Amino acid sequence: MALNIEVFDGNFKITSDADNVIVYRKINVNPTKAPNWEKRKKEGASPDKYEKWVNPTYHGTIEKALMRIAEQRIRDSDATTLAELLHEIKGIRREISDVLSVRV
């Protein structure tokens with residue numbers, strides 16, 4: 001049985017195969033914004049928005065997968081000062097620490 005866990009507000013998903021822990025990122029797709037939309041529309045394509053899991057990255061452990069997600073969230077930050085960025089980094093690290101410290 002493979003992992004299939006949505007994490008961090010459902011914006012990332014962790015799955016697994018026999019050798020790897022795989023991280024996917026969720027994006028929202030608006031097909032009407034595609035460059036070939038008019039052609040696809042004539043072919044009967046749906047204009048409905050949908051979610052898609054993209055950009056898989058492969059990791060040896062859950063901890064490394066979570067660190068990859070943390071790094072991506074930091075890169076996506078809207079911080080405009082170092083203080084804001086540091087605050088966000090601390091919050092992300094706290095979230096990961098909380099996840100990893102949960103005892104069953």
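We did not get these values from a lab; they are worked out from the coordinates using the rules stated. Small disclaimer: the values here were computed from a predicted structure and weren't measured. Don't worry about glycine lacking a Cβ; one is built from the backbone with ideal geometry, like all the others, and counts go over all protein chains shown.
Structure values in brief
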{"item": "Among the candidates Ile22, Ile62, Ile69, Ile92, residue that is surrounded by 15 or more Cβ atoms within 10 Å (Cβ to Cβ) and in contact with a His (Cβ under 9 Å, 6 or more places away or on another chain)", "result": "Ile22"}
{"item": "Helices (runs of 4 or more DSSP H) wholly inside the range 18-104 that include at least 3 residues being under 18 Å from the mean Cα position of the chain (by Cα)", "result": "62-75, 82-101"}
{"item": "Residue in the range 67-80 that is of a type in the set (D, E, K, R), touching a residue at least 60 places away in the same chain (Cβ under 8 Å) and closer than 16 Å to Phe8 by Cβ present", "result": "yes"}
